[in-house]
1. What is the mean projected area of the alpha carbon convex hull for the chain, to one decimal in square nanometres?
2. Give me a comma-separated list of calculated 3J(HN,Hα) values for the stretch 54-69, in order, Karplus coefficients 6.51, -1.76, 1.60 applied at θ = phi - 60°, integers in Hz, x for any Gly or Pro.
3. In square angstrom, what is the accessible area per residue of the chain with a 1.4 angstrom probe?
4. Could you give me the ³J(HN,Hα) list for the stretch 6-21, computed from phi with Karplus coefficients 6.51, -1.76, 1.60 and θ = phi - 60°, whole Hz, x at Gly and Pro?
5. So what are the ³J(HN,Hα) numbers for the stretch 97-110, from phi and the Karplus equation (6.51, -1.76, 1.60; θ = phi - 60°), rounded to whole Hz, Gly and Pro as x?
6. Decide, for the stretch 41-94, between rounded, prolate and oblate: order the square roots of the alpha carbon gyration tensor eigenvalues as a ≥ b ≥ c, take rounded if a/c falls under 1.5, and otherwise choose prolate if a/b is larger than b/c, else oblate.
7. In whole percent, and with a 1.4 Å probe on the protein chains, what portion of the accessible area of the stretch 1-157 is carbon and sulfur?
8. Under a Cβ-only charge scheme (Lys and Arg +1, Asp and Glu -1), can you give me the dipole magnitude of the chain about the Cα centre, in debye to the nearest 20?
Amino acid sequence: MVFGTVGAYLGNRFRVPAGILIGTLVGVAGAVGGGGALLGLPQVPTPPGINELLQVSLGMLVGLRMSRDELRSGARALWPAALITTILTSTGIATALVAASLTSIDAVTAVFAAAPGGLTEMSAVSLSFGADGAAVASVQLVRVLLAITAAAAASSIASHSFSIALLSIS
């Protein structure tokens with residue numbers, strides 16, 4: 001708990017994208033996960049029932065944020081969302097199966113690692129399918145960080161281009 005709390009605080013304090021989650025992940029993994037093993041500390045098993053508790057918490061977090069307007073909006077976007085999801089999921093599964101055949105990662109872990117979705121959600125759900133949750137979280141974390149970096153770069157380029165366009169109009 002201490003390492004996770006300290007990691008969450010530092011991740012949030014230094015404005016890391018998804019800082020509380022990433023800080024907790026790094027703090028715990030560094031102290032009692034792989035980093036702890038390097039220091040000779042014992043591996044700490046996940047307490048029984050924690051994955052189920054996490055899934056209930058995630059369901060509550062999402063459910064409490066739902067409103068009628070959001071449900072209506074979601075219903076209107078059903079067909080485009082289904083098309084995008086089909087394309088992304090199919091591509092992810094194909095990529096995962098290729099990666100699994102070229103590496104030592106099992107197919108279930110590879111599919112959850114490559115699936116579009118939230119870092120927390122995919123990591124939590126993957127455990128109930130027998131996947132390596134740490135491997136899924138690692139790949140999802142890299143994906144999220146790359147997406148944030150790409151979005152920030154695109155935003156910066158777009159705003160810079162917009163500024164130049166405004167200057168040339170004046």
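The values are calculated or read from the model by the stated rules, or taken from the named source; none is laboratory data. Keep in mind that this is a model prediction, so the values were computed, not measured. Here the Cβ positions follow ideal geometry from the backbone for every residue, glycine too, while neighbour counts run over all protein chains shown. Side chains included, ligands, DNA and RNA excluded: accessible areas come from the protein's heavy atoms. Shrake-Rupley method; radii C 1.70, N 1.55, O 1.52, S 1.80 Å.
1. Average projection, Cα convex hull of the chain: 14.7 nm².
2. Per-residue couplings from phi come out as 5, 5, 5, 4, 5, x, 5, 4, 6, x, 5, 8, 6, 10, 4, 4 Hz.
3. For the chain, the per-residue accessible area is 70 Å².
4. For the stretch 6-21, the Karplus curve yields 5, x, 4, 4, 5, x, 6, 4, 8, 6, 5, x, 6, x, 5, 5 Hz.
5. 5, 5, 4, 5, 6, 9, 10, 8, 6, 6, 4, 5, 4, 4
6. oblate
7. Ligands and nucleic acids excluded, carbon and sulfur give 74 percent.
8. Around 440 debye, computed over the chain.
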